[in-house]
Structure formats: structure tokens, C-alpha cells
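The values are calculated or read from the model by the stated rules, or taken from the named source; none is laboratory data. In this text the structure is predicted, and so the values were computed from the model without any measurement. All Cβ positions, glycine included, derive from the backbone under ideal geometry; neighbour counts span all protein chains shown.
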Amino acid sequence: MPVNADTDEAEMEEPCADCGRETAHRVSVEIRTESQKRENAEFSREPYRVATCLLCGTEETTRMNNA
Ligand SMILES: [Zn+2]
């Protein structure tokens, strides 16, 4: 399995709202740019924790630096 250098992936059991129980999730941290405007990129690049249910494919995205 190739390692993606841009993400830090792990698999872990987490509750899935769609499945209604704990399932295996692929969890990664991604830097996502919220704005396409280059001038604002410095302020809009936010780290997100992305957890994808391996059973139903539901993706749960959580911004990591919420104040
Ligand atoms: Zn699920």
C-alpha cells in the first residue's frame, strides 16, 4: 500500500451516524484551502480531520483549530 506523504492516515474504530454503531474508519489529516483567492490563502488553509467510514463511505470532516 503506497504511503501518501501529504496525509497522516490511520484506521480506527469510531461511531458512525449512518451505520448506527462503531465501525472502522480511515482517519487522516488534510490541509484544505477554503478560498480560491490566492491573496487569502495564508488565512484559509486549515487542517481538517477527515474520518471516512469503511462500511458506508460517509465522510466526516472536522476543522481542527476551532476556537
Ligand atoms: Zn458508516
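Structure values in brief
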| item | result |
| --- | --- |
| Cβ pairs under 6 Å, 6+ apart, first in the range 36-54 and more than 16 Å from the ligand (Cβ to nearest atom), second at pLDDT below 65 | none |
| Any pair with Cβ under 8 angstrom, 6 or more apart, that starts in the range 9-22 at a residue that is more than 10 Å from the ligand (Cβ to nearest atom) and ends at one that is outside any strand (DSSP E or B) | E11/L54 |
